[in-house]
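These notes concern the structure reproduced below.
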Amino acid sequence: MTNVTRALMGATALCGMAAIAQAETLTIATVNNGDMIRMQELASDFTEQHPDIELDWVTLEENVLRQRVTTDIATKGGQYDVMTIGTYEVPIWANQGWLVPLDDLPEDYDKDDILPAIAGGLSVDGTLYAAPFYGESSMVMYRTDLIEEAGLEMPDAPTWDFIKEAAAAMTDKENEVYGICLRGKAGWGENMAFLTAMSNSYGARWFDENWTPQFDSPEWKAALDDYLMLLNEYGPPGSANNGFNENLALFQQGKCGMWIDATVAASFVTGDDSTVADKVGFALAPDNGLGKRGNWLWAWSLGIPAGTDAEDAAKTFVAWATSKEYAELVAENEGWANVPPGTRTSLYENQEYLDAAPFAQMTLESINAADPNNPTVDPVPYTGVQFVAIPEFQGIATAVGQQMSAALAGQMSAEEALEAAQNLTSQEMQAAGYGQ
Amino acid sequence: MARAVSTRRKAGFTIAAWIIGLAIFFPILWTIVTSFKTEAEAISSPPSFVFFNWTTENYTTVLERSNYFRHFWNSVVISLGSTVLGLIIAIPAAWSMAFVPAKHTKNVLMWMLSTKMLPPVGVLIPIYLIFRDIGLLDTKTGLVIVLTLINLPIIVWMLYTYFKEIPGEILEASRMDGASLRDEIIHVLTPMAVPGIASTLLLNVILAWNEAFWTLNLTAAKAAPLTAFIASYSSPEGLFYAKLSAASTMAIAPILILGWFSQKQLVRGLTFGAVK
């Protein structure tokens, strides 16, 4: 009997040890960009600290990833333990109860260090639902040599009138230099991200407080007229097909005088692949004196799906990847300029970082100038600067973006595009039951 | 005189065929060329076709960053598995439809084809839920089943067309000689239909290899084939065209080589019965 008991106890102990030795595997879904790829390369630091946790990476293109993780989280598929999501998904998913609240991260994580605008975009009722990995806003990137030749000086906070003047002065179509490059490719994350942010600075908004679409307002008309004029008169040919990557290529080859786009582009236009790296200046996105600028706010963040069977390990990983120590690890291996920007106040107080990244100050000011909870001049019932955080927005904004892109390509007038946008948005919102 | 015209015509046709062939192949060629450029050269305008610094750096980076061979192996298992399973089901089905047609055989064939007309995303959520409940998400078995079902209508249709070309009298003769149904299908019908079966097999391997909706949506880390490998190099924020081209080249190379070596078989199979 004693032998049997002893054997049983031994077996139990062995099972316990086996359980300890068996590593937990985290499946992490990420997007393909420089910062995320760097995280994968540096992840050995994490697995050395936590030998009981293994990491499996799934890297996908942004739109594929969005479709993939949305399917999984909506059906509680349980394929991922950590998901890379943006400021658009976080409030919607958190309200559905799909995300694990991150209110018990370790003390040394220093949650208060997260930039307030970013934390605001990733929180619902004061609770953080995803940890920011990098944050971005948008700003003006311009050619210092061209603006000097034009006899102008770019202010730190330009107005749209100045942008129009500078675009006209810098355009030299014979030499393939275009005063301004902007997004024209249809898509809720492409031309509509830019146009929505731009329209905020013109006093326009997507919906009034009763969820009635506002594309018939004079503010939208003014914003769209200026956008079309800028690109038709001073933009590169075929602007209606240009997204972030196309404009980046044009700017790097010296074909754009100004480019208003994501702050994350700053490190690309001043990087090795750029032919104009030493001739780039930065300024805040323009305004019209109404108290809102035409810049957006986005943060790629790490969220944990509710129901994962590795919640604690996932939290440990999320805390590591978005910590101050991670920033130091990147600096040690790749230099300060490559630290993921736009998430922590402490990074912008670090002189080494400020010296290494000439665009740091403008990035910080751009992020601080955006308020996702109060994005427009007039009050609105939604959050989000360049998007409206409702599930229907992706579909509606992509359809609206097609109208805007068609107007840019000359297939319809600005009035027709706005009318079509108003009609289709009204229909979709009514069908979805808003404002009833 | 007549001969001169016909030579000129022949030359004209040859040139036209080459131009069309090159135009169709050009995107693949351009992808391969881009994969040997640096990222800066990949976006340079005007682009250079030959005169740039050829580099294999992108291939090294891609191989370091991703587990190519795991994706490759998954692709092989999924495409071959689904095709073989599909053939096992489709050969008897096509036999019965070709040689013992019933009143509604034509309707059944049309109905099978109609399943290809539904946009796959329409059934994504139900299939995802079923897979979740029976534990088939992110498994090769699950993908083999789904791809078999997706390609089954095409396999049955192709085989049906080939079998229709085989004279029923030969099968009758074998029956007269005492062949059982099993013998008839395995020893008489199949050997005669080998070119058709081979081309069906090749075409379906290619279709399964390139299938990018289900293979992306039903996998995560373990069963992801080469389509997921390519998708991991596409980026809307950042110019990684050279690396994306290298990944694409590595993903299509095996199937391109297979297609190259078996082109005679493929053409023969696809034009089977077209000319009497």
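A few points about this structure:
- Residue selected from region B:230-255 under the condition within 28 Å of residue A:26 (Cα to Cα) and among the aromatic types (Phe, Trp, Tyr), by the criterion surrounded by the fewest Cβ atoms within 10 Å (Cβ to Cβ): B:240
- Qualifying residue in region A:413-420 (condition: touching a residue at least 12 places away in the same chain (Cβ under 8 Å), surrounded by fewer than 20 Cβ atoms within 10 Å (Cβ to Cβ) and farther than 22 Å from residue A:182 by Cα): yes
- Lone qualifier among A:123, A:201 - being in the same structural domain as residue A:348 (by TED's automatic domain parsing) and among the hydroxyl-bearing types (Ser, Thr, Tyr): A:123
- Among the conditions (1) closer than 30 Å to residue B:44 by Cα; (2) buried (at least 24 other Cβ atoms within 10 Å of the Cβ); (3) in contact (Cβ under 8 Å) with a residue 60 or more places away in the chain; (4) more than 14 Å from every other protein chain (Cβ to nearest Cβ), residue A:334 misses just one, which is (2).
- One residue from B:180, B:174, B:235, B:248 being within 14 Å of chain A (Cβ to nearest Cβ) and more than 19 Å from the chain's Cα centre (by Cα): B:235
- Check on residue B:82, outside any loop (DSSP other than H, G, I, E, B), out of contact with any strand residue (DSSP E or B) (no Cβ under 7 Å at 6 or more places or on another chain), at pLDDT 90 or above and hydroxyl-bearing (Ser, Thr, Tyr): yes
- The residues listed here are A:312, A:278, A:287; of these, the one that is out of contact with any Asp or Glu (no Cβ under 7 Å at 6 or more places or on another chain) and either within 13 Å of another protein chain (Cβ to nearest Cβ) or touching a residue at least 12 places away in the same chain (Cβ under 8 Å) (or both) is A:287.
- Search result, residues across region A:66-104 that are more than 11 Å from chain B (Cβ to nearest Cβ), under 21 Å from the mean Cα position of the chain (by Cα), farther than 17 Å from residue A:133 by Cα and not in a loop (DSSP other than H, G, I, E, B): A:73, A:92, A:93, A:94, A:95
- Enumerated helices (runs of 4 or more DSSP H) restricted to region A:113-232, each holding at least 1 residues that are at pLDDT 95 or above: A:144-149, A:160-170, A:191-201
- Among the conditions (1) within 13 Å of chain A (Cβ to nearest Cβ); (2) in a helix (DSSP H, G or I); (3) within 30 Å of the chain's Cα centre (by Cα), the only one that residue B:37 does not satisfy is (2).
- Of all residues in region A:37-65, those satisfying the criterion of being among the polar types (S, T, N, Q), free of Cβ contacts under 8 Å to residues at least 40 places away in the same chain and either surrounded by 18 or more Cβ atoms within 10 Å (Cβ to Cβ) or more than 11 Å from every other protein chain (Cβ to nearest Cβ) (or both) are A:44, A:47, A:59.
- Meets criteria (farther than 30 Å from residue B:130 by Cα and in the same structural domain as residue A:255 (by TED's automatic domain parsing)) for residue A:107: no
- For region B:95-112, the set of residues classified as within 24 Å of residue B:186 (Cβ to Cβ) and over 26 Å from the mean Cα position of the chain (by Cα) consists of B:99, B:100, B:101, B:102, B:105, listed by residue number.
- Restricting region B:182-216 to residues that are of a type in the set (Gly, Ala, Ser) and part of a loop (DSSP other than H, G, I, E, B), the residue that is surrounded by the fewest Cβ atoms within 10 Å (Cβ to Cβ) is B:212.
Yes/no matrix, rows are residues, columns are (1) within 9 Å of another protein chain (Cβ to nearest Cβ); (2) among the hydrophobic types (A, V, I, L, M, F, W, C); (3) touching a Phe, Trp or Tyr at 6+ places or on another chain (Cβ under 8 Å):
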residue: B:193; (1), (2), (3): no, yes, yes
residue: B:197; (1), (2), (3): no, yes, yes
residue: B:202; (1), (2), (3): no, yes, no
residue: B:205; (1), (2), (3): no, yes, no
residue: B:217; (1), (2), (3): yes, no, yes
residue: B:258; (1), (2), (3): no, yes, no
residue: B:261; (1), (2), (3): no, yes, no
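- In region B:58-67, residue nearest to the other protein chains (Cβ to nearest Cβ) [restricted to those that are buried (at least 17 other Cβ atoms within 10 Å of the Cβ) and in a helix (DSSP H, G or I)]: B:65
- Counting only residues that are modelled with pLDDT of 90 or more, facing another protein chain (nearest Cβ under 9 Å) and within 20 Å of the chain's Cα centre (by Cα), region A:250-264 holds 1 of them.
- Failed item, numbered, when residue B:179 is tested on (1) assigned to a loop (DSSP other than H, G, I, E, B); (2) under 30 Å from residue A:73 (Cβ atoms): (2)
- Residues of region A:370-381 that turn out to be over 14 Å from the mean Cα position of the chain (by Cα) and crowded, with 19+ Cβ neighbours inside 10 Å, as a count: 3
- Restricting attention to region B:114-140, the residues that are surrounded by 13 or more Cβ atoms within 10 Å (Cβ to Cβ) and away from every other protein chain (no Cβ under 14 Å) add up to 2.
- For residue B:55, the criteria (1) in a helix (DSSP H, G or I); (2) within 29 Å of residue A:41 (Cα to Cα); (3) among the polar types (S, T, N, Q) hold in every case but one, which is (1).
- Per the listing A:65, A:60, the residue uniquely farther than 20 Å from residue A:389 by Cα, at pLDDT below 90 and not acidic (Asp, Glu) is A:60.
- Lone qualifier among B:227, B:219 - being crowded, with 21+ Cβ neighbours inside 10 Å, of a type outside the set (D, E, K, R) and within 18 Å of the chain's Cα centre (by Cα): B:227
- Flag for residue B:101 being without any contact (Cβ under 8 Å) to a residue 24 or more places away in the chain and outside any helix (DSSP H, G or I): yes
The values are calculated or read from the model by the stated rules, or taken from the named source; none is laboratory data. Fair warning: this is a prediction, and the values are worked out from it, not measured in the lab. Cβ atoms come from the backbone with ideal geometry, glycine included; neighbour counts cover every protein chain shown.
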